[in-house]
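The values are calculated or read from the model by the stated rules, or taken from the named source; none is laboratory data. Because the structure is predicted, anything quoted here is derived from the model rather than measured. Neighbour counts are summed over all protein chains in view; Cβ atoms, including those assigned to glycine, are modelled from backbone coordinates with ideal geometry. These area figures cover heavy atoms from the full protein model, side chains too; ligands, DNA and RNA do not enter into them. Shrake-Rupley method; radii C 1.70, N 1.55, O 1.52, S 1.80 Å.
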Amino acid sequence: MTGSVVIAGLGPGSDALVTPEVRAALDAATDIIGYIPYVRRVAPRAGLTRHESDNRVEIDRARHALTLAAGGARVVVVSSGDPGVFAMASAVFEAVEHGERAWRELDVRVLPGITAMLAAAARVGAPLGHDFCAINLSDNLKPWALIEKRLRLAVEADFAMAFYNPRSASRPEGFVRALDVLRETCAPDRVMIFARAVCTPDEQITVRPLAEADPGMADMRTLVLVGSSATRLIPRKGAPFVYTPRSVPA
Ligand code: SAH
């Protein structure tokens, strides 16, 4: 029996948003590997070993998955959202590139999932209906100067933006600085959306103009969307619709 590594996205939180192909891969797995809360989203069963690991050990986790697969296991590495978006898929390929030659011949597949940005956008309307970009605000794996440069250029290009990992408890100052850059470069009525724990029982969606945005509105379970200069609100009873028109006049 030859082993395999499937890197699967579990979606933003609810079972309804786990794709059928991810469900089938989980059902066929002998081993599940991932960050503790994601592994716990997969129910225990006979014949399945769940390997929970802590955050920030992505390369060790990837090497573990490849080692098990080389021994014949059907391994599923789980990520939240999509595994290719600031998640485990790149870590596995990094481990393949720098690891044992034999790992290149393994059956390694990536199964997409619904990333937080898309789940959050869908909750409020269509803020990503025109050009947009996604930025990981964590400076774990890159210098803050690069984050700030990309942020400024994205504002200049008038992209709508999705911020992942906006604010960690250990380094809250990053998001404060990001808000400072936005305040310096955007109008005060620029639309911001704080989507916390989307598609989970703790979900909380807050829509505010930039002028009323507060760093405390974001934490590590929050995806922040920033509209482009064209993003609009449609006021109505209850929460407004938010959308970005598809076209920009010539
Ligand atoms: N691979 C994941 C992203 C991992 S980075 C994906 O595609 O969604 C972790 C960051 O994703 C968090 O800090 C947060 O910004 C965002 N995130 C993940 N799940 C979320 C959810 N259910 N609601 C809001 N944000 C979420």
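Each peptide in 201-210, 223-232, 42-51 was scored by the mean count of other Cβ atoms within 10 Å over its residues; highest first, the order is 223-232, 201-210, 42-51.
Note on the stretch 121-164: with charges restricted to the Cβ of Lys and Arg (+1) and Asp and Glu (-1), its dipole about the Cα centre is near 120 debye. Once you have all Cα-Cα distances for the stretch 67-182, histogram them in 5 Å bins from zero and send the whole-percent values. Going out from 0 Å in 5 Å bins, the stretch 67-182 shows 2, 9, 16, 17, 17, 14, 10, 8, 5, 1, 0 percent. When only alpha carbons of the stretch 72-134 are considered, Rg and Dmax amount to 15.6, 47 Å. Remark: the stretch 117-243 projects, on average over all directions, an area of 7.4 nm² (convex hull of Cα atoms). Each DSSP beta bridge with both residues in the stretch 4-114 is either parallel or antiparallel, and the antiparallel ones are about 5%. Accessible area per residue for the chain, computed on protein heavy atoms with a 1.4 Å probe, is 51 Å².
Simple point charges give the picture: +1 on the Cβ of Lys and Arg, -1 on the Cβ of Asp and Glu, and for the stretch 6-126 a dipole about the Cα centre of about 260 debye. Shape index of the chain: Rg/Rh, with Rg the Cα radius of gyration and Rh the Kirkwood radius from the inverse mean 1/r over Cα pairs, equals 1.02. Simple point charges give the picture: +1 on the Cβ of Lys and Arg, -1 on the Cβ of Asp and Glu, and for the chain a dipole about the Cα centre of about 420 debye.
DSSP finds beta bridges in the chain, and of those with both partners inside it, around 40 percent are antiparallel. Roughly speaking, what % of Cα-Cα pairs in the stretch 113-181 are separated by over 17 Å, rounded to a whole number? Across the stretch 113-181, Cα pairs with separations above 17 Å total 45 percent.
Farthest towards the positive end of the charge dipole of the chain, among the residues TRP103, ALA145, ALA239, is the Cα of ALA239, using unit charges on the Cβ of Lys, Arg, Asp and Glu. Projecting the Cα atoms of ALA122, ALA62, PRO12 onto the charge dipole of the chain (Cβ charges, centred on the Cα centre) puts ALA122 farthest toward the positive pole.
Can you give me the angle between helix 58-70 and the longest principal axis of the chain, using Cα atoms only, in degrees from 0 to 90, rounded to the nearest 10? The angle comes out near 30 degrees.
Note on the chain: with a GNM built from Cα contacts shorter than 10 Å, the maximum mean-square fluctuation among ALA65, ALA239, ALA213 falls on ALA239.
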